[in-house]
Each structure stands twice: as C-alpha cells, then as structure tokens.
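The values are calculated or read from the model by the stated rules, or taken from the named source; none is laboratory data. None of these values were measured; they are calculated from a predicted model. In this analysis, Cβ positions are derived from the backbone assuming ideal geometry, glycine residues included, and neighbour counts consider all displayed protein chains. Just so you know, the surface numbers come from the protein's heavy atoms only, side chains and all, with ligands and any DNA or RNA stripped out. Shrake-Rupley method; radii C 1.70, N 1.55, O 1.52, S 1.80 Å.
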Amino acid sequence: MCRILCVHKPATFDIAAPIAAFAEVALTSREYQGHGWGYSYWSANGWHHYHDIRPIWEDPTAHDARTNLLLVHARSAFRDEGIQVQNNMPFFDEERVFIFNGELRGVRIRADGRIGAEKIFNFVKRFDKGDMHTALTRGVDVIRKRSRYVRAMNIILASPEQVHVSSTFGEDPDYFQMRYRQTQEELVVCSDPLDERDDWQLFPNTHTQSFDRWLS
C-alpha cells in the first residue's frame, strides 16, 4: 500500500530534503512503492504539481523549489494494475490536494474517478458545505459503513488554509497507523517516521484531525 507525507513549516523550506528522506522511506518499505510518485506544493501563485511514473528513488529530476506546505505520495498499485502516470497522486482541484494510503474491499459508493482513491476524493467533496473537517469525517464514516472491509484508509487533504488527516486501519497498525510530529517549527505527517527522532506520535484509529495553518 502507498506511502504518504505532508510537511508544513512557518518559514519556507527547500522541498529537496523531505523528498529525499521520503524516497528512503519508500525504498525501504516492506511493500513495493515503485509504481510512480508525485508531489504538490503551495506558493504565493497557487499549487504546483509534479508526477512521474518512475519509482521515487530512481527519478533523477532535480526538485528545486521552496514552500511552506508540501504533500508527497509514492504509489503501490493494487494488484499491480493501472500503472499510468495519470493515476498517480496527489489528486487536486483548484483549491485542495488529496493523497491516500490504504485498501478497501466491497465499496458501495458512486463517484467519478479513474481509480478508487480518486473516487474517494470526489465522494468526500460532496459533503463539503464550507467545513472540510466535517466533510472528511462524514465522508469517511459513510465509506466505512458502505465497505465490506477496510484494511486501511488514510487520507491527507490540504488547502491553503488547513491540513486535514483521517486515519483508519483494520489490521497491522505497525504498517498502517499514521505518524505525526507537531512543534512550533513544523508539522510533519507521514506513513512512517521520516527520521530517527523520538517525538513521533501515533494517530488514533478511526480519527480525523485538522491542523489550521497556525504555522503561517
């Protein structure tokens, strides 16, 4: 299953360092994360996006930009299907960026999308009445109730104003439980610890949490 990362800091930072650290996470993952990757970062003139079909650790592209909000996704395609660059996250609209890690079985929802993760993104947005925290909470709850089994459903959904995280897993918390670190210097949310610091915290199961851009 995929690996996901969000980094938010009060001052702008070079995106190359967290991308390199995340590439090591993807490379050493116990499940193959080489079906393409991508990232999105926010700047004064809007979102910028990058996607590539190569494994993140084999992409020689120099990533030279500064931001204070970055989301990165490394893909492990379900059953090695749909390995096309257009299926790589982050998915996005004019306002929001979405990344997903997990596996659901027997899902009974109707939503547009090429793959399941994109359908989840579009389904959650239906509940948005101006409060994305509530929309994500309600959308995830409905999806859980309409799925035969949720092995995991971890979501990071970011806008220029907020970062929203939803973490759900039905098994194997060592692999599926999300981690985060929140200090005055940074907010980092990742599928795995991004470094060896001892201040990583675990997201509770079936939990949605929103972080205002208190660091801006």
Worksheet entry | In order through the stretch 104-110: 3J(HN,Hα) via Karplus (6.51 cos²θ - 1.76 cosθ + 1.60), integer Hz, x for Gly, Pro | 10, 10, x, 7, 10, 10, 10
Worksheet item: If you place +1 on the Cβ of every Lys and Arg, -1 on the Cβ of every Asp and Glu, and leave all else neutral, what size is the dipole of the chain about its Cα centre, to the nearest 20 Debye?
Response: 1120 debye
Worksheet entry | Taking the stretch 53-208 and dividing mean pair separation by its residue count, relative contact order in percent (alpha carbons under 8 Å, at least six apart) | 17 percent
Item to complete: Please name whichever of Gln184, Ser76, Tyr50 sits farthest to the positive end of the charge dipole of the chain, dipole taken about the Cα centre and charges placed at Cβ: Lys and Arg +1, Asp and Glu -1.
Response: Ser76
Worksheet item: Using a 1.4 Å probe on the protein chains only, how many percent of the accessible area of the chain belongs to carbon and sulfur?
Response: 46 percent
Worksheet entry | Volume of the Cα convex hull of the stretch 92-214, divided per residue and given in Å³ | 107 Å³
Worksheet, complete the sentence: Taking Cα pairs closer than 8 Å and at least 6 residues apart, the relative contact order of the stretch 1-141 in percent is 25 percent
Discussion item. Can you compute the FRET efficiency between Glu171 and Glu24 using 1/(1 + (r/R0)^6), with r the Cβ-Cβ distance and R0 = 22 Å? Round to the nearest 0.05.
Written reply: 0.30
Fill in: Size of electric dipole in the stretch 93-190: Cβ of Lys, Arg +1 and of Asp, Glu -1, about Cα centre, debye, nearest 20
720 debye
Worksheet item: Kyte-Doolittle mean at least 0.0 and Cα extent at least 15 Å along the axis: which DSSP H helices of the chain qualify?
Response: 16-28
Item to complete: Give a quick list of GluC sites (Glu not before Pro) in the stretch 1-65 that DSSP marks as loop, anything other than H, G, I, E or B, with at most 13 other Cβ atoms within 10 Å.
Response: Glu31
Practice prompt. Leaving out ligands and nucleic acids, note down the accessible area per residue over the chain with a 1.4 angstrom probe, in whole Å².
Written response: 46 Å²
Worksheet, complete the sentence: By the Cα gyration tensor axes a ≥ b ≥ c (a/c under 1.5 gives rounded; else a/b larger than b/c gives prolate, otherwise oblate), the shape of the chain is rounded
Worksheet item: To one decimal place, what orientation-averaged projected area in nm² is obtained for the convex hull of the Cα set of the stretch 1-117?
Response: 7.8 nm²
Worksheet item: Which of the aspartates and glutamates could a cross-linker span from Lys125 if the Cα-Cα distance has to be under 15 Å and same-chain partners fewer than 8 positions apart are dropped?
Response: Asp93, Glu94, Glu95, Asp112, Asp141
